[in-house]
Every structure is written in structure tokens, then in C-alpha cells.
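The values are calculated or read from the model by the stated rules, or taken from the named source; none is laboratory data. No experiment lies behind these values; they were computed from the predicted model shown. Quick reminder, even Gly has a Cβ in these numbers, built from the backbone with ideal geometry, and neighbours come from all protein chains shown. With ligands, DNA and RNA removed, areas are computed over all heavy atoms of the protein, side chains included. Shrake-Rupley method; radii C 1.70, N 1.55, O 1.52, S 1.80 Å.
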Amino acid sequence: MRKWPTFPHREGTYSKQAHADFPDEAIYEREAGREGFFGPASHFHHQHAPTGWSEWEGELKPRAFNLNHVESAHQSSPWSAPSILENRECKVRVWKLAEKMSGLARNGDGDELLFIHQGCADLYCDYGHLDVEEGDYVLIPRSTNWRLEPKAPMFILMIENTGAAYALPEKGIVGQHAVFDPAVLEAPAINERFKAQYSEEQTTVALKRGNKINTITYPFNPLDAIGWHGDLSVLKLNWRDIRPLMSHRYHLPPSAHTTFVGNGFVVCTFVPRPIESDPGALKVPFYHNNDDYDEVLFYHAGDFFSRDNIEAGMMTFHPAGFTHGPHPKAFKAGLEAKKTFTDEVAVMIDTRNALEHSVEAEAVENREYVYSWKAGN
């Protein structure tokens with residue numbers, strides 16, 4: 001455990017509580033924190049919005065990508081789907097699939113997490129059959145054989161945990177049944193639909209390892225299990241089964257919404273919830289520094305109340321090192337406190353090491369996004 005130097009200090013005009021009861025002369029709060037909201041932090045009160053830059057030169061700017069327009073995402077194999085962002089621990093792809101996969105896929109590089117943005121399908125894997133649909137996370141352990149048969153065209157966000165396994169977050173004092181009860185997790189079944197796909201027909205497996213593809217051919221379908229037992233499996237979780245932590249008096253940090261923990265990154269889910277009702281509480285995401293993590297948000301559904309000109313299927317990317325927060329209109333709306341509920345659904349990926357964006361991402365980038373924090377926007 002790291003021993004941080006701690007010396008709580010107060011200087012000038014400040015609020016007694018983070019994210020609440022700001023001084024009248026400084027409505028802009030900025031949090032500078034370490035270790036993704038778990039380390040030491042300080043809260044500044046500013047006279048101007050910390051995002052009020054007028055120009056930005058360089059490649060580390062905030063970016064927005066419209067993944068709806070990635071044409072190369074239409075692929076029959078997940079391993080042909082284009083990467084959008086990646087580092088040595090995490091690879092984020094976008095995949096669009098309309099027809100059933102002709103063979104099986106197998107990832108030898110790490111666990112795969114699928115988020116079903118659109119569509120529905122039958123998933124067949126070593127563990128059996130599973131119905132998957134819009135809003136599902138599907139966790140596929142490393143080296144599992146699997147395939148999809150879409151029942152409606154699919155738009156999938158793929159998040160590879162390279163070289164490692166996904167885990168559930170520690171829930172601390174709120175207990176293991178908070179946020180979502182592990183009992184809502186669903187595993188595949190050795191059911192009649194699974195048995196119906198037993199076959200002696202030649203079947204191929206596309207094995208990915210070190211980003212190289214090997215094709216393994218069997219004279220039969222290797223998805224032929226008649227049963228299994230244990231505690232390793234493909235798992236499904238729908239965002240509708242997430243019951244978010246809330247406080248009517250305090251705006252909780254994004255870490256409170258952690259859904260899965262990878263090696264060097266976390267996956268969080270923002271789901272509909274009441275907005276803080278205490279008169280002095282901040283009612284929009286607070287301005288904060290990305291000091292240790294790159295931050296990625298994929299927008300799935302609803303009204304994205306902290307962002308302007310964002311639609312479902314878009315992704316924002318905020319590299320570490322600068323302050324970001326709500327857009328001016330959203331900040332103003334938060335001060336007016338007219339809205340009592342947020343209906344947004346979004347997937348957040350925070351990575352400890354820097355992400356690189358791909359040429360496919362750059363081709364669908366909104367290049368004016370960096371200036372969307374300007375006053376009047």
C-alpha cells in the first residue's frame with residue numbers, strides 16, 4: 001500500500017465539503033486527485049471555468065468519435081473489427097454483425113467484454129447457449145470458443161483485457177449485493193438450442209494470439225459439451241439490473257459506478273438515477289483533472305446531460321493531463337436545478353496507461369469537439 005504524504009490544509013476561500021456549498025464568489029470547483037478518485041485530492045475554487053481554453057495545439061486534446069460511421073466495423077469475424085483505442089492492457093473495438101458467424105472465435109490474448117449497443121443474438125460457446133440483447137455486457141473468459149447468430153443487426157463495443165482476467169469491483173461498506181447482486185449474473189445453459197447445434201460438420205476456430213490469427217479446423221463442431229461444473233464461465237449482465245449508488249446531498253465520483261475491473265483499467269456504467277436534490281449539492285459531473293487515467297465514454301442511450309451534440313453510438317476520449325467537466329449549457333442547467341432525473345446510459349473505460357487512437361477513429365472524429373467547452377456553446 002502506497003503511503004501518501006497527507007497534511008490537510010486550507011487556504012483562502014473554500015467550501016467545507018467537496019462538491020457542495022461553494023463560495024458565492026467562485027462557483028467553479030476543480031478536483032485535482034490521484035489514483036482515480038481513491039488517492040489524495042485537493043479542491044480548488046476558481047473564478048473562471050477550468051475548461052475555458054481559447055486554443056489547443058497538439059495531439060493530446062479531447063476527442064469525440066462517431067462510431068455509427070465506422071464502415072469497416074461491418075465484419076464477419078470479431079478479429080477483423082477495427083480497433084478504436086488501445087494500449088498494452090486494453091483494446092477497444094467496434095463491431096457490426098448482421099449474419100451468423102461461419103466459424104468460432106477464440107481469444108488467446110485475454111478476456112473479452114462485449115457490450116451490446118444494438119441488436120440481439122443467440123450466443124453459443126463452450127459453456128452452452130445464451131440469449132444476448134441490447135444493453136447486455138457479455139464477459140467471455142480467455143480462450144473460450146464462441147460464436148454469435150444475430151436475430152437483429154448488431155452493434156457491439158468490444159473491450160479486451162489483454163493478458164489478464166476481468167474481476168468484479170470491491171464494494172466495501174455497502175456490501176456485495178449493492179450496485180448489482182451477483183445473483184443477476186446469467187451463465188449459458190446446456191439447453192435444447194445448444195444440443196440442436198451439435199454437429200459432425202467441419203468447423204473452424206479463429207484463434208487470436210499476439211494479434212496473429214490461426215485457423216484451426218475440426219472435422220466436427222467442438223461446441224459439443226454435454227455438461228460442466230465449476231465457477232469459470234461466460235457471464236451476462238444487463239445495465240437494467242444495475243442499481244446505482246446515490247446520495248441526494250453529494251455528487252458521487254465515477255468510481256462509485258465501477259462494473260468490471262481489468263488489469264490497468266476499469267469499466268464503469270452510468271445508468272438513470274435521480275439528480276442530487278440538496279440545494280447546495282453539485283448536480284452535474286464536477287470539473288476534475290485526469291492526472292493518472294485516460295477517460296473514455298461510450299454513449300448508449302438517453303439524454304447525455306453533461307455533453308452537447310452527443311448522440312447514441314458516439315465515443316469521447318479525454319487523455320490524462322488536463323481538466324475537463326460539463327459543457328457550459330449543462331453547467332448552467334445544473335445551477336438552475338430544473339432537471340430532477342438523468343436518463344443517460346453510458347459505458348466508461350478509465351485506463352492507467354495512455355491510449356492510442358486508430359486511423360479508423362480519426363476518420364470519424366468531430367474535430368471541433370475540443371472547442372465545445374467555449375462559452376456560448
Considering the stretch 287-304, residues that are buried (at least 22 other Cβ atoms within 10 Å of the Cβ) and in a loop (DSSP other than H, G, I, E, B), and then whichever is modelled with the highest pLDDT, we arrive at 293
Under 6 Å between Cβ atoms, which residue pairs at least 6 apart in sequence (or on different chains) link something in the stretch 54-72 that is open to solvent by less than 40 Å² (accessible area, probe 1.4 Å) with a partner that is acidic (Asp, Glu)? 63/365; 65/365; 70/360
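Among residues belonging to the stretch 175-211 that are of a type in the set (Ser, Thr, Tyr) and open to solvent by 40 Å² or more (accessible area, probe 1.4 Å), point out the one that is farthest from the chain's Cα centre (by Cα). Please lay out each step first, then the result.
As a first pass, look at the stretch 175-211 and keep what is of a type in the set (Ser, Thr, Tyr): 198-199, 203-204.
From what's left, open to solvent by 40 Å² or more (accessible area, probe 1.4 Å): 198, 204.
Numbers: 198: 35, 204: 31 Å.
Residue satisfying both the conditions and the ranking: 198.
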Restricting attention to the stretch 116-138, which residues are out of contact with any helix residue (DSSP H, G or I) (no Cβ under 6 Å at 6 or more places or on another chain), buried (at least 21 other Cβ atoms within 10 Å of the Cβ) and not in a loop (DSSP other than H, G, I, E, B)? 116, 117, 121, 123, 124, 125, 130, 132, 136, 137, 138
Residue pairs, Cβ under 6 Å, 6 or more apart or interchain, first in the stretch 252-281 and open to solvent by 20 Å² or more (accessible area, probe 1.4 Å), second at pLDDT below 80 and among the aromatic types (Phe, Trp, Tyr). List them. 253/37; 255/37
When every residue in the stretch 224-250 that is at pLDDT 95 or above and in contact with a Leu (Cβ under 7 Å, 6 or more places away or on another chain) is compared, the one nearest to residue 145 (Cα to Cα) is 234
Within the stretch 150-166, residues closer than 22 Å to residue 133 by Cα and either open to solvent by 20 Å² or more (accessible area, probe 1.4 Å) or assigned to a loop (DSSP other than H, G, I, E, B) (or both) come out as 150, 151, 152, 153, 166
Identify, by number, the condition in (1) at pLDDT 95 or above; (2) open to solvent by less than 10 Å² (accessible area, probe 1.4 Å) that residue 147 doesn't meet. (2)
Which of the residues that make up the stretch 307-341 are in a strand (DSSP E or B) and either modelled with pLDDT of 85 or more or hydrophobic (A, V, I, L, M, F, W, C) (or both)? 314, 315, 316, 317, 318, 341
Residue 284 versus (1) in contact (Cβ under 8 Å) with a residue 60 or more places away in the chain; (2) open to solvent by less than 40 Å² (accessible area, probe 1.4 Å); (3) more than 15 Å from the chain's Cα centre (by Cα): which is the lone unmet condition? (1)
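Based on this model, can you work out whether residue 79 counts as within 27 Å of residue 205 (Cβ to Cβ), in contact (Cβ under 8 Å) with a residue 12 or more places away in the chain and of a type in the set (A, V, I, L, M, F, W, C)?
Details: within 27 Å of residue 205 (Cβ to Cβ): yes; in contact (Cβ under 8 Å) with a residue 12 or more places away in the chain: yes; of a type in the set (A, V, I, L, M, F, W, C): yes.
So residue 79 passes the test.
Determine which member of the set 231, 224 is open to solvent by 20 Å² or more (accessible area, probe 1.4 Å), touching a residue at least 12 places away in the same chain (Cβ under 8 Å) and assigned to a loop (DSSP other than H, G, I, E, B). Before you say what the answer is, go through the steps one by one.
Details: 231 fails: touching a residue at least 12 places away in the same chain (Cβ under 8 Å).
Only one candidate qualifies: 224.
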Hey, among 174, 184, which residue is modelled with pLDDT under 95, of a type outside the set (Lys, Arg) and over 30 Å from residue 70 (Cβ atoms)? 174
Check whether at least one residue in the stretch 79-86 is modelled with pLDDT under 90 and in contact with a Leu (Cβ under 9 Å, 6 or more places away or on another chain), and report yes or no. no
